[in-house]
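> First the structure, then my questions, so here it is.
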Amino acid sequence: MTLIDSRHALLLASFVALAACTTEDSGSEGVDTAEGEEPTWPMVESDQARDENPQIDPDEILALAADNHALSIDLYQGLREGKAKDKGFSISAYSIQSAFGMLYGGTVEPAASEMEAALHFSLVGERQHVGFNWLDHQLHARNIAAIPEPEPQDPVIFETANGVWATPGVADSIFPAYLDLLAVHYGTGVALADFAEQSERERLDINEWVSIRTHTLIPEFFKQGVILPTTTMVLVNAIYMKAPWSVPFEESATNPNAEFTRLDGSKAKVAMMRNYDFAGGYGEGAGYRAVALPMRGDQLEMIAIVPDDFAAFEASLDVATLDEVLGSMQFALVDLGFPRFELEFDASLKTELQDLGLVTPFDDPSAFEGIMPGGPGVITEVIHHTVIKVDEKGTEAAAATGIVLGEDGGGGPEFAFSVDKPFLLLIRDAPTDTLLFFGRVLDPS
């Protein structure tokens, strides 16, 4: 392990007794965490490097996609009539599974089996971590540099980050094997956070960490009262993507006063983008039509599913139906209308995860004895936040998941299609069939 000193002399002093650790000055005391400036912490880290070439077999690739779809549907169904009733929302099963993957590395039975079932970790054990590392590397490969001339094209940006924070009392007892797992598969160590004496300062600094990694789309992730003096450990996954459409919409073709029919039949005025000769994916089946908008590189895509009867369709929506819709899509030319919109959602997922069978980690501190003797505590909160922005140029989106532990518990168009009523929204990485975002838009206005 290596101990890097960047602030908090009090924390540093508590680590004098750590074995096999060294210190070096990488910053000054009392770092100013003004917007855009990186907060820093002393770190406890493995000396192992991240595996930059993780390998999984074809069956494991299919399992990762199936698990991602299953969790997306489970949480969608749990939220649509609960916290998100009558609201548009989106979730990122990818971010949620990544955050819990780090915690899963230190989870013991029976909590480990509950996590595998509730979070759909079907690869199990070490292979699950290898799989998540593989998927993370696949998504980083979606980055494409900007082209300045002769026809300028904006870059495709896809970034992910994992972070773990722990109090000194926890961090100095963490098993080396757990630090190795975090380093090799998730590219992170454990930052030393003085939750006991400076919980509000640490909350603000972790929020700044998330804000920087989501390019300010999520400026305040943890609200007051989530991180407390009794908090012992925090794990966060953050993702950010910004990608132009493969073919942008012409702003001059946008109708700023188009009609969008809400669920109750009333009309809203929306800015409806228009492409009279759109080339992308199109599918239709019993009770729905769907369109896929490719982004530059033709690997990331936004998918809108427009049911004939929205309420009935989503009530019966399951993985088989979702996969049927995705499988029905074929390349086509479409006279397409698509609304310009922004969608933001944040909520605690504690209840939804408990309803899926993840119970022991919220009640039994020994659930995480794979992290340290006795475990660092129970899960006290799970926070999830997503933002999606869509305009004529492309899509910008971010997601963050935080787990808090503590001592307490060719020719003309073939189709004409206007997305002018409530629709299900997906952002998918097509090569891995990973749903990066999944939700619904009820009123783009």
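> Can you tell me which residues in region 227-243 are surrounded by fewer than 20 Cβ atoms within 10 Å (Cβ to Cβ) and touching an Asp or Glu at 6+ places or on another chain (Cβ under 7 Å)?
Listed by number, the list holds a single entry, THR230.
> List the residue pairs whose Cβ atoms are under 9 Å apart, where the first residue sits in region 294-309 and is on the phi > 0 side of the Ramachandran plot and surrounded by 19 or more Cβ atoms within 10 Å (Cβ to Cβ), the second is among the aliphatic types (A, V, I, L, M) and assigned to a strand (DSSP E or B), and the two are 6 or more positions apart or on different chains.
Close Cβ pairs satisfying both conditions: none exist.
> Continuing with the same structure: Which of the helices (runs of 4 or more DSSP H) contained wholly in region 53-153 include at least 3 residues that are of a type in the set (Asp, Glu)?
58-80
> Out of all the residues in region 154-176, which are surrounded by fewer than 18 Cβ atoms within 10 Å (Cβ to Cβ) and within 26 Å of the chain's Cα centre (by Cα)?
ASP154, PRO155, ILE157, GLU159
> If you don't mind, another one. State whether the residues of region 356-368 include one that is modelled with pLDDT of 95 or more, surrounded by 23 or more Cβ atoms within 10 Å (Cβ to Cβ) and assigned to a strand (DSSP E or B).
Checking region 356-368: not a single residue is modelled with pLDDT of 95 or more, surrounded by 23 or more Cβ atoms within 10 Å (Cβ to Cβ) and assigned to a strand (DSSP E or B).
> Right, next: Hey, any hits in region 273-287 for a residue that's loosely packed, with under 15 Cβ neighbours inside 10 Å, assigned to a strand (DSSP E or B), touching a Phe, Trp or Tyr at 6+ places or on another chain (Cβ under 9 Å) and among the aromatic types (Phe, Trp, Tyr)?
So far as region 273-287 goes, no, none of its residues is loosely packed, with under 15 Cβ neighbours inside 10 Å, assigned to a strand (DSSP E or B), touching a Phe, Trp or Tyr at 6+ places or on another chain (Cβ under 9 Å) and among the aromatic types (Phe, Trp, Tyr).
The values are calculated or read from the model by the stated rules, or taken from the named source; none is laboratory data. Only a predicted model underlies this, so the values are computations on that prediction, with no experimental measurement involved. Glycine gets a Cβ as well: all are built from the backbone with ideal geometry, and neighbour counts include every protein chain shown.
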